[in-house]
Amino acid sequence: MTKRKGARVNRAGAAPYLFLAPAMVLFTLFLALPIGYTIYLSLRRVQVSGLGLGRGSRREVFAGLDNYAAAVADAELWAGWLRVLGYGAMVLAVMLGLALLFALMLDTAHVRLARFTRIAIFLPYAVPGVAATLLWGFLYLPSLSPFQGVLEAFGGEANLLGAGTVVYSMANVAVWGGVGFNMLVLYTTLRAVPREYYEAARIDGASELQIALRVKIPILIPAIILTTVFSIIATIQVFTEPTALRPITNTISSTWSPLMKVYRDAFVIGDVYAAAATSIVIAAIALVLSFGFLRVVKNHAFGEG
Amino acid sequence: MRTRRFSAVAATLLTAVLAAGCGGSGSDAPESAPSSAPAAEGPVKLTYWTWVPNMDKIVAVWNNANPDIQVTVSKQAGGDDASAKFLTAAKAGNPPDLVQAEYQHLPSFVAADAVADLSQLVGDAKGEFSEGLWNLVTLGTDAVYGIPQDSGPMMLYYRADLFKKYGIEVPKTWDEYAEAARTVRKKDPKVYLGTFSSKDPGSFAGLAQQAGAQWWSISGESWKVAVNDAATLKVADYWGGLVKEGVIDDMPYFTPEWNKALNDGTLLTWPSAVWGPGVLDANAPKGKGKWAIAPLPQWNAGENVSGFWGGSSTAVAAGSKHKEQAAKFATWLNTDPEALALLVKEGAIYPASTKGQGVLTEAPAYFSGQPDFWQKANEIAGTARGFTFGPNVNVTYNAFKDAFDKAVQNKSSFADAVTAMQDATIADMRKSGFQLAQ
């Protein structure tokens with residue numbers, strides 16, 4: 001018996017490895033190697049001598065953990081994290097709240113124009129981030145904005161790109177673009193639920209609202225957790241919206257979000273070594289945040305874990 | 001509607017594919033060339049990164065006349081991104097043979113050892129250029145890191161018709177400019193005389209040059225950095241005061257809002273460079289024939305100086321396998337009369353070559369109200385002075401944007417913003433190990 005089992009494993013021979021090969025090769029080439037190279041770069045720096053002009057005046061040397069020390073000690077990075085956390089909390093709450101609301105509304109028995117509404121809500125997700133931001137940017141610009149007149153009529157603060165308002169304007173772009181996708185994930189999960197559940201609830205005398213709160217949302221919890229994790233990762237990496245809005249407003253610095261700082265260090269200032277170290281720090285924080293969230297909700301939502 | 005949208009998408013995809021194709025062949029060329037090297041077999045193939053419009057047409061003339069040296073143009077987006085891209089390509093070991101290098105970025109290219117010294121290859125090209133421009137490509141050393149192509153002497157663009165309407169004289173000094181700014185605000189609170197852009201360090205550098213600033217200089221084996229010298233602080237305080245007073249707007253240049261203001265006549269002046277007509281033509285079509293130029297206002301009455309905003313040279317990559325041929329092409333492009341005429345006509349540039357400036361006679365169509373546009377521009381060009389750029393201009397310029405964004409936003413001291421630029425520049429140079437003079 002045991003002998004035969006062993007033989008079967010042997011007979012499989014190279015096949016499993018062959019099947020694994022494409023994935024492993026891709027993983028190595030496009031994930032493991034770049035990460036390894038980033039770590040290597042993060043441990044090095046440039047040493048210039050004299051004027052730094054001409055051949056041989058610039059050498060790459062081993063820097064130890066200096067770049068990490070500088071990255072962690074940079075107040076601008078942490079200020080960036082604070083801005084992103086505030087922005088992220090707002091985006092997450094509004095985006096997922098709206099997605100859940102829309103998904104539940106579309107799933108109710110009597111809704112007209114369901115198909116059209118679904119597509120209309122999803123459509124912004126298909127607009128590339130840069131295009132979406134530019135589009136909104138034009139709507140925000142004081143002298144071009146159609147909102148301007150409306151805001152002024154109500155005596156409101158008119159500049160949508162001002163120091164106090166720009167973060168909401170950015171969050172609006174992210175929410176506009178992200179609600180559709182998250183709604184679709186939740187809605188698809190809802191459609192997979194056997195209709196008998198609702199029928200049973202209805203026979204027990206539950207209203208549509210009660211069905212939504214007591215039946216649908218509990219069923220949706222895993223999907224909500226999934227979308228939350230995705231959204232956390234996406235907001236930590238916020239880059240497109242502030243970068244695309246930056247040229248038209250003077251309220252967004254080149255280090256507004258941590259990833260913008262990495263971009264600035266690498267491609268504006270030309271210090272890829274510092275940028276590499278900061279990237280690793282950001283990746284570590286993103287991992288901690290997303291896994292931390294998963295741990296917390298695992299214990300709370302699934303109880304038995 | 002649908003078909004139109006589709007064709008737009010198709011065109012975009014096609015461009016992407018073509019661009020990818022060009023990029024591929026571009027990076028292959030220097031690799032495959034050395035195997036067929038010592039010139040005997042086949043023509044030498046050179047790649048050239050530039051954003052001068054219609055450069056492919058100009059290069060075609062060269063290619064026809066020089067079957068042994070074939071140049072392929074790879075069109076780039078201009079500006080700071082182009083410099084970052086070139087530095088990255090040089091670091092990765094596959095730079096183009098030739099690259100358009102803005103004067104302010106050239107020192108960082110040199111510092112990164114990304115461009116070649118052409119002093120043995122360019123013969124007597126030096127005589128074709130004014131000494132100020134030539135210094136920008138030698139950095140004050142014996143080496144030659146590029147051939148000057150175009151330059152950007154600064155002048156004052158103004159709406160002649162609206163100046164008349166509001167009863168303002170063309171300001172001769174910056175004091176008069178400030179007075180005019182106040183007058184305009186009084187006559188029409190919707191209109192501004194000018195705006196201060198916190199996004200354009202190049203413009204600020206030009207204004208500082210006019211005031212006599214020397215942000216970098218080389219003394220012996222060390223760099224002297226003085227971004228916050230007295231001249232620069234004077235310029236910063238002047239504009240900071242006007243912004244704080246509210247008589248000058250603070251919207252950045254090259255934004256949709258700015259275009260709108262230029263177009264509808266709510267912005268009356270633009271201190272800019274000689275390449276301004278193209279920008280105005282594209283963004284303020286309604287102003288055609290209504291704009292005019294004058295020398296920049298002066299700091300002291302009776303003076304006559306200007307600064308530079310922009311301008312670029314043609315450099316040869318240190319990694320190029322065919323430096324000699326590349327240098328030959330670069331010299332032809334920027335000094336040969338035929339090439340200069342083409343650069344002016346097809347590329348719409350203001351040539352760096354003294355001889356090339358003479359080619360310009362007929363005023364740009366946009367300046368139909370000013371037939372002596374080029375005579376005036378050439379006169380002003382003669383009064384422009386620059387300064388040596390340092391090896392980390394990108395750091396300084398980035399610090400400008402962040403610091404002045406904040407200063408404009410909070411209406412706080414512009415002089416402090418200049419100090420922030422100086423501190424960032426020094427800190428970066430110290431970190432890399434540059435020798436600094438005190």
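Any residue that is modelled with pLDDT under 95, touching a helix residue (DSSP H, G or I) at 6+ places or on another chain (Cβ under 8 Å) and of a type in the set (Val, Ile, Thr) - is there at least one of those in the stretch A:142-158?
no
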Qualifying positions in the stretch B:393-409 - more than 13 Å from B:Val227 (Cα to Cα) and more than 8 Å from chain A (Cβ to nearest Cβ): B:Ala403, B:Ala407
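Restricting to the stretch A:33-47, what's the tally of residues that are surrounded by 12 or more Cβ atoms within 10 Å (Cβ to Cβ) and more than 9 Å from chain B (Cβ to nearest Cβ)? If you could, list the steps in order and put the result at the bottom.
First pass over the stretch A:33-47, keeping only residues surrounded by 12 or more Cβ atoms within 10 Å (Cβ to Cβ): A:35, A:38-39, A:41-47.
Within this subset, residues satisfying the condition of being more than 9 Å from chain B (Cβ to nearest Cβ) are A:35, A:38-39, A:41-44.
Result for the stretch A:33-47: 7.
For B:Ser412, state whether it is within 14 Å of chain A (Cβ to nearest Cβ), surrounded by fewer than 18 Cβ atoms within 10 Å (Cβ to Cβ) and not hydrophobic (A, V, I, L, M, F, W, C). It would help to see each step written out before you state the result.
On the way: within 14 Å of chain A (Cβ to nearest Cβ): yes; surrounded by fewer than 18 Cβ atoms within 10 Å (Cβ to Cβ): yes; not hydrophobic (A, V, I, L, M, F, W, C): yes.
When the stated conditions are applied, B:Ser412 passes them.
The rows are residues; the columns are (1) touching a Gly at 6+ places or on another chain (Cβ under 8 Å); (2) closer than 27 Å to B:Asn304 by Cβ; (3) without any contact (Cβ under 8 Å) to a residue 40 or more places away in the chain.
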residue	(1), (2), (3)
B:Ala381	no, yes, no
B:Ser413	yes, no, no
B:Asp416	no, no, yes
B:Ser432	yes, no, no
B:Gln438	no, no, yes
Where A:Glu76 falls short, out of the listed (1) assigned to a helix (DSSP H, G or I); (2) within 14 Å of chain B (Cβ to nearest Cβ); (3) crowded, with 17+ Cβ neighbours inside 10 Å: (3)
Qualifying residues in the stretch A:48-71 (those that are part of a loop (DSSP other than H, G, I, E, B) and surrounded by 17 or more Cβ atoms within 10 Å (Cβ to Cβ)) - the one farthest from the other protein chains (Cβ to nearest Cβ): A:Ala63
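For the stretch A:197-292, which helices (runs of 4 or more DSSP H) that fit wholly inside it have 1 or more residues that are in contact with a helix residue (DSSP H, G or I) (Cβ under 7 Å, 6 or more places away or on another chain), more than 30 Å from A:Gln47 (Cβ to Cβ) and β-branched (Val, Ile, Thr)? Spell out how you get there, then give the answer.
On the way: elements: A:217-236, A:240-245, A:258-263.
In the stretch A:197-292, the matching helices (runs of 4 or more DSSP H) lie at A:217-236, A:240-245.
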Some residue of the stretch A:191-203 being assigned by TED's automatic domain parsing to the domain that holds A:Pro142 and under 27 Å from the mean Cα position of the chain (by Cα): yes
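To keep it simple, each residue is scored yes or no on (1) at pLDDT 95 or above; (2) surrounded by fewer than 22 Cβ atoms within 10 Å (Cβ to Cβ); (3) not assigned by TED's automatic domain parsing to the domain that holds B:Ile293.
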position: B:Gln375; (1), (2), (3): no, yes, yes
position: B:Asn392; (1), (2), (3): no, no, no
position: B:Ala399; (1), (2), (3): yes, no, no
position: B:Ala417; (1), (2), (3): yes, no, no
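Scan the helices (runs of 4 or more DSSP H) fully inside the stretch B:199-315 and keep the ones with 1 or more residues being more than 14 Å from chain A (Cβ to nearest Cβ), under 23 Å from B:Asp372 (Cβ atoms) and not charged (D, E, K, R). Break it down into steps so the answer makes sense when it comes.
Numbers: elements: B:201-210, B:230-245, B:256-264, B:276-283.
Where helices (runs of 4 or more DSSP H) fall fully within the stretch B:199-315 and carry at least 1 residues being more than 14 Å from chain A (Cβ to nearest Cβ), under 23 Å from B:Asp372 (Cβ atoms) and not charged (D, E, K, R), they are B:201-210, B:276-283.
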Check on B:Ala180, within 14 Å of chain A (Cβ to nearest Cβ) and either without any contact (Cβ under 8 Å) to a residue 12 or more places away in the chain or not aromatic (Phe, Trp, Tyr) (or both): no
Conditions (1) closer than 18 Å to A:Val173 by Cβ; (2) in contact (Cβ under 8 Å) with a residue 12 or more places away in the chain: number failed by A:Ala131: (2)
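The values are calculated or read from the model by the stated rules, or taken from the named source; none is laboratory data. Just so you know, these numbers come straight off a predicted model, no measurement behind them. A quick note on method: Cβ atoms are made from the backbone with ideal geometry, for glycine too, and the neighbour counts reach across all protein chains shown.
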